[in-house]
1. What ranking of 72, 59 comes out by heavy-atom accessible area, probe 1.4 Å, highest first?
2. Could you give the nm distance between label points at residue 77 and residue 31, where each point is 7 Å from its Cα heading toward the beta carbon?
3. Mind scanning 56/105; 56/133; 35/78 and naming the pairs with a C-alpha gap bigger than 26 Å?
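The values are calculated or read from the model by the stated rules, or taken from the named source; none is laboratory data. Owing to the predicted nature of the structure, the values given are computational and were not obtained by experimental measurement. Note that we place each Cβ from the backbone using ideal geometry, even for glycine, and neighbour counts take in every protein chain shown. Ligands, DNA and RNA are excluded from the accessible area calculation, which covers all protein heavy atoms including side chains. Shrake-Rupley method; radii C 1.70, N 1.55, O 1.52, S 1.80 Å.
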Amino acid sequence: NETELLLKMPEELLKYIDADYSGLALDFQAELGSKTDLTIVQVGCGRADLLVRLAKLGFTSLYGIECNPLQFQGAQKKITEAGVADKVTVAQAYVQDYDYSKIGKKIGVVIIHNFWGVIDPPTTYKMWEGLSKCLTDDARVYMGPLRLVKDNKKVSPLVRLWRGLRFQRRMMKV
């Protein structure tokens with residue numbers, strides 16, 4: 001499957017996955033406004049570019065989950081070099097196996113982009129089962145692709161699927 005391919009990808013190819021998320025970070029800043037203390041979790045954070053950019057915009061409680069060891073190492077390096085280690089924490093784990101309660105705070109925003117659709121339905125269900133137990137009542141979930149190209153112009157719809165995830169909780173009986 002695609003996850004296994006990503007795990008086996010050589011480091012020299014992983015750098016091409018790195019992206020400039022400055023525009024997306026600004027979109028989130030506009031969307032979330034002054035709520036810079038929200039706990040934000042990015043599932044499949046790669047080298048943490050978006051999280052670092054959010055930290056530089058003033059967000060203070062940022063967490064990423066990344067299964068690829070090389071991407072995780074790249075994220076650690078980027079976070080340290082940017083001087084935002086007090087705001088950004090990244091864990092190396094499979095998203096479906098991570099214990100989201102380790103964050104120690106209720107999660108207000110979940111960002112899932114780029115890898116969405118890579119994991120199979122049972123894995124997706126297991127990930128949501130773990131996440132749903134740790135969400136605030138008014139949590140927001142953003143699923144990607146979050147930045148699209150239309151007519152050669154970047155547009156950012158910030159696809160927000162659920163607010164509060166009440167439907168999810170009923171369906172999963174959590």
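1. These residues rank, largest area first, as 72, 59.
2. Placing both labels 7 Å along Cα→Cβ, they lie 2.9 nm apart.
3. Pairs exceeding 26 Å: 56/133.
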